[in-house]
Every structure is written in C-alpha cells, then in structure tokens.
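The values are calculated or read from the model by the stated rules, or taken from the named source; none is laboratory data. Owing to the predicted nature of the structure, the values given are computational and were not obtained by experimental measurement. A quick note on method: Cβ atoms are made from the backbone with ideal geometry, for glycine too, and the neighbour counts reach across all protein chains shown.
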Amino acid sequence: MKAFAGIPGPAPSLPLGNAQDFIGRLPWEVCARYAERHGGMLVVWLLGAPTIILTDPELIWQVLEGDFDSYYKTSPRKQFLPIITDASEFIANGAEWKKKRETDPAHNAIGPRGYEIDAHAVREALTQKVRALVEATRGEPLEDVVPVIARLAFDALSIQAVGRLLEDEIFDTFQTLTKVGTDRINLPVPLPFALAGARARERWQARFESLVREIRQSPGAGRSVLHATLRVGTQLDERALATQIGNIYFGGMTSITSSVIHTLYLLTRHPDVRARVVAEVRELATRELDPALEVFESYPEFNRVVLESLRVLPPVPIYSRCSSPDRQVSLGGHVLPPNTDLLLTCWPLHRSARHWKDPERFEPDRWKGNTLAENPLGSGYFFPFGRGRRACAGSALGLLNIKMLLVSLLTASLPEVGAHQEYRGKLFFGAMHPKGMRVRFLPMG
C-alpha cells in the first residue's frame, strides 16, 4: 500500500476493501461519487488489489493517448475471449493492436463517399419489421425493449456488414455469446468458457466463413463492408476475414442498441422534442437516403437529439486499462507500480456542472452554435465511443447505424420506450443497457 499512500481515496475495510461499495450499484456511478469527494485521480482497494479511478480529462487523455505505450488492455480481454477472438483489435495490445487496426474491415472498407452501404435496403427491411411491431404492440407493450431493438440493430448491421439479413439461428447464437460474455464480466473471476458457448462460437465462425466464400465469387455485386473489403483487397485469409467481420457485431451491436434505446427513451420523456424530430425525419424519409453520415447533418433537430442522447446516457460509460507490466509509470504526479489497474469513466465528465450548463437536463438545443466544434466526439468532456487512437475503430459505422435505425423507427411508427418508468441501468457486454424497460410501437398519426 505504500506505493499508493499519496493518492487520495475512500478508506478500505476488511475483507473486501472498497468492493462492497460496488455491490448492486453501477460502477460508473460509484466512480463519479468517489470523484466528488476525492478528486479526478483516486485509489480504491478491491479484494486487496489497488485500482486507480480517473475522472480528470487530462489524465484520461494521458492514459489513452499522451503516454499511450505505457498502458495496455486486460479487462475485458480475458472475459471476452474467445467470444471476441484475438484477431480483434478490441482486445489486442502493442504491435499486434497496430497490425490488427490496419487490417480491420470496419476501419478500412471506406470508399470516396463513405461506407459502401445500401441504405435503401436497410430502411426497407427495418420498415417491414417495425410495421409488424406496431401490430404486435397494439394491445399491450412488450416487457423488455432490449431484445427488440437488438434484433433490429442486428438486421441493420447485417445488411451493412455482409449485404443481407441473417437467419434467426445466427441472431440467437449472437445472443448466447453476449450473455456468456456478460456473465463472465460481471464476476470477479471469469467463469470457464462453457460448452454451450464454445458450440455457439463454432456456429458463428462457420456462418461467416461461408459468407466470405460466397461473396468472394462476386464481390462487385453488393454494397457492404465485406463486399468493399474484398473489392479493395485484403491481407487476411478466409478464416481471419470471417473472424474480423463477425467481430464487427461484438464491437458495435451492444453500443448501437443502447444508443438507439436511450434516444427513444429520452424522446418519450420529452414529447415536445419528439414531435419536432418526428416531423423532421419524416420529411427526410421522402428523400433517397445517402449512406454517408453527412446527409444527416442537414437535419439539425435530429442530429442535436442524437448528440445530446450520447452525452446524457453514453452507451459505454466506463473503460479499463493497466499500466506497463515491466516498469513504473508516472501519472498525475504519482508513480504507479507495474500492472496497476485503472478505471476511466466519461460519466461525470458528460455531466460536469463546470463544463455543461444544467448538465442533468436533456437539452438538445445546447448543441446549437459552436458546441460540437468545441466538444467534438472524443474530446475531454464528450467521448461516448472512447478517446485517442484506441477509440472505437467502427465509430463512424456505429454512428451511421444509430442514425439510420432511428430514422427508420421514427418514420414507420411512434416508438414509446419506458413511458412512466425511471431509467435503471445494467452492464451488458461492456455497454450500459436499460433494465426492465417496456416498449410500444404506436401507429403513425
């Protein structure tokens, strides 16, 4: 404990240290409360092991970018293997991370007008499914919004990733794998990878290998990340490319799902804002959707709502790092021993009263004027997709997905999410999802 004696923090108690403060609570909220009392760099003791909590934007930047080579990723690496495989940059480190970043299809399959995606096909598929949901919820709401939006997000991402909808069995396989990963990340020591998880992983891999083989025969015939990757050319062999394309889902699905749900929930709670946004996006629906993100920027109300939703309820509010395994690291005027765990959270920064006016309030109009120029994605007080060079490689694809999903939902129905319910969050596969939130898809008025 001597190495951390100069770092403030709550007093630990035996035998759990400060771990009891996290039991039954959301870790990012606990970290925010600690920061109010102890500042932007503090130490807690979890089962006898020290963890540094950072909520200072400058120190977070130093870890994620300024002193990049002095930190690496451990958690959730061990919990997500082999669901997300070692082929993914998400859980790689060092030179391997750089190599995998350079070959990441989600990062590299970009043409002169952005991702080569059939936006019309996405909208048509989602519109049909939303109309079915309108019929299904005419009587009573569905009790859990998460699997409903997750399936829509899965379908949209499938068209964008591989150019088609995938089978129910493959979606169920995805659900199995993300549940296994969630169970493992929510325990102090990850459970062994169960046989059911291993079989699901084999089915997942086999399906994407078959897609690579099929699409390789005519890569010019479709518009998707996989089609574009094969047209441009890749160093990856068939198995590795299939793994990378499959990993896109694990890297983006949970955050896309939560972002869409959060936006619909906030719009439900603010019907005046929702009415303006619905009018705007339904006017958008009369035009041919361009796959480039820029098309949405000409619809200011809608764009401001998405930004404000990402600020108020960020999809991934907490990150982890570990200091260098073989040397001491200097951070914030303190010397950290090798292999010191760190937790970094955007939660209190997105809600900082020193930076944002009335920060707890959902106020899309705060993004008028120069706010986005002063607080771009990945900046000190606004990083819902991470910061620095390890920020989400597929953030552009993810943001495109979020916006296309919302446009499709709001033009085919009037989604009502969590009406008369207070938000209760949970950690699901590294993202923040609502717990026990109902949903109805009202017919268009």
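If only residues of segment 221-253 that are among the basic types (Lys, Arg) and over 19 Å from residue 206 (Cβ atoms) are counted, the one that is nearest to the chain's Cα centre (by Cα) is 223.
Regarding residue 353, is this residue more than 30 Å from residue 245 (Cα to Cα), assigned to a helix (DSSP H, G or I) and without any contact (Cβ under 8 Å) to a residue 60 or more places away in the chain? No: the conditions fail for residue 353. Pairing each residue of segment 198-210 that is assigned to a helix (DSSP H, G or I) with any residue that is polar (S, T, N, Q) and buried (at least 17 other Cβ atoms within 10 Å of the Cβ), provided the two are 6+ apart or on different chains, yields C-beta distances under 6 Å for 200/173; 200/176; 203/173; 204/173. Consider segment 223-240 and keep the residues that are surrounded by fewer than 24 Cβ atoms within 10 Å (Cβ to Cβ) and in contact (Cβ under 8 Å) with a residue 40 or more places away in the chain. The one that is farthest from residue 208 (Cα to Cα) is 232.
Exactly one residue out of 25, 33 is within 29 Å of residue 423 (Cα to Cα), at pLDDT below 95 and exposed (fewer than 15 other Cβ atoms within 10 Å of the Cβ), and it is 25. Regarding segment 66-77, can at least one residue be identified that is among the hydroxyl-bearing types (Ser, Thr, Tyr), within 15 Å of residue 345 (Cα to Cα) and in contact (Cβ under 8 Å) with a residue 60 or more places away in the chain? Checking segment 66-77: at least one residue is among the hydroxyl-bearing types (Ser, Thr, Tyr), within 15 Å of residue 345 (Cα to Cα) and in contact (Cβ under 8 Å) with a residue 60 or more places away in the chain.
With respect to residue 50, determine if the residue is at pLDDT 90 or above and not in a helix (DSSP H, G or I).
Details: at pLDDT 90 or above: yes; not in a helix (DSSP H, G or I): yes.
Against the criterion (at pLDDT 90 or above and not in a helix (DSSP H, G or I)), residue 50 qualifies.
Results for (1) small (Gly, Ala, Ser); (2) touching a residue at least 12 places away in the same chain (Cβ under 8 Å), shown as yes or no for each residue.
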| residue | (1), (2) |
| --- | --- |
| 399 | no, yes |
| 404 | no, yes |
| 412 | yes, yes |
| 417 | no, yes |
| 430 | yes, yes |
| 435 | no, no |
| 440 | no, yes |
| 443 | no, yes |
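For segment 360-445, no strands (runs of 3 or more DSSP E) sit wholly inside it while including 3 or more residues that are at pLDDT below 95, out of contact with any Pro (no Cβ under 6 Å at 6 or more places or on another chain) and under 30 Å from residue 118 (Cα atoms).
Yes/no matrix, rows are residues, columns are (1) at pLDDT below 95; (2) assigned to a loop (DSSP other than H, G, I, E, B); (3) at positive phi; (4) surrounded by fewer than 16 Cβ atoms within 10 Å (Cβ to Cβ):
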position	(1), (2), (3), (4)
7	no, yes, no, no
69	yes, no, no, yes
78	yes, no, no, yes
100	yes, no, no, no
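I'm checking my understanding of the structure. Among residues of segment 399-445 that are within 18 Å of residue 275 (Cα to Cα) and among the small types (Gly, Ala, Ser), which one is surrounded by the fewest Cβ atoms within 10 Å (Cβ to Cβ)? The extreme case among them is 445.
There is at least one residue in segment 266-283 that is surrounded by fewer than 18 Cβ atoms within 10 Å (Cβ to Cβ), modelled with pLDDT of 95 or more and of a type in the set (Asp, Glu).
If the condition is being closer than 24 Å to residue 398 by Cα and either surrounded by 13 or more Cβ atoms within 10 Å (Cβ to Cβ) or of a type in the set (Phe, Trp, Tyr) (or both), then segment 186-222 contributes 201, 204, 205, 207, 208, 209, 211, 212, 215, 219, 222.
Among the listed residues 310, 342, identify the single one that is at pLDDT 95 or above and over 29 Å from residue 49 (Cβ atoms).
Details: 342 fails: over 29 Å from residue 49 (Cβ atoms).
Answer to the selection: 310.
Candidates 74, 127: the one that is polar (S, T, N, Q), modelled with pLDDT under 95 and either surrounded by 22 or more Cβ atoms within 10 Å (Cβ to Cβ) or farther than 24 Å from residue 316 by Cβ (or both) is 127.
Of everything in segment 353-379, what is on the phi > 0 side of the Ramachandran plot and not acidic (Asp, Glu)? Give them in sequence order.
So in segment 353-379, the residues on the phi > 0 side of the Ramachandran plot come out as 358, 369, 378.
Those that are on the phi > 0 side of the Ramachandran plot and not acidic (Asp, Glu): 369, 378.
Of the residues 183, 155, which is surrounded by fewer than 17 Cβ atoms within 10 Å (Cβ to Cβ) and part of a helix (DSSP H, G or I)?
Working: 155 fails: surrounded by fewer than 17 Cβ atoms within 10 Å (Cβ to Cβ).
Exactly one of 183, 155 is surrounded by fewer than 17 Cβ atoms within 10 Å (Cβ to Cβ) and part of a helix (DSSP H, G or I), namely 183.
Pairs linking a residue in segment 147-176 that is under 20 Å from residue 224 (Cα atoms) to a residue that is assigned to a helix (DSSP H, G or I) and among the basic types (Lys, Arg), with Cβ atoms under 6 Å and 6 or more positions apart or on different chains, are 170/207.
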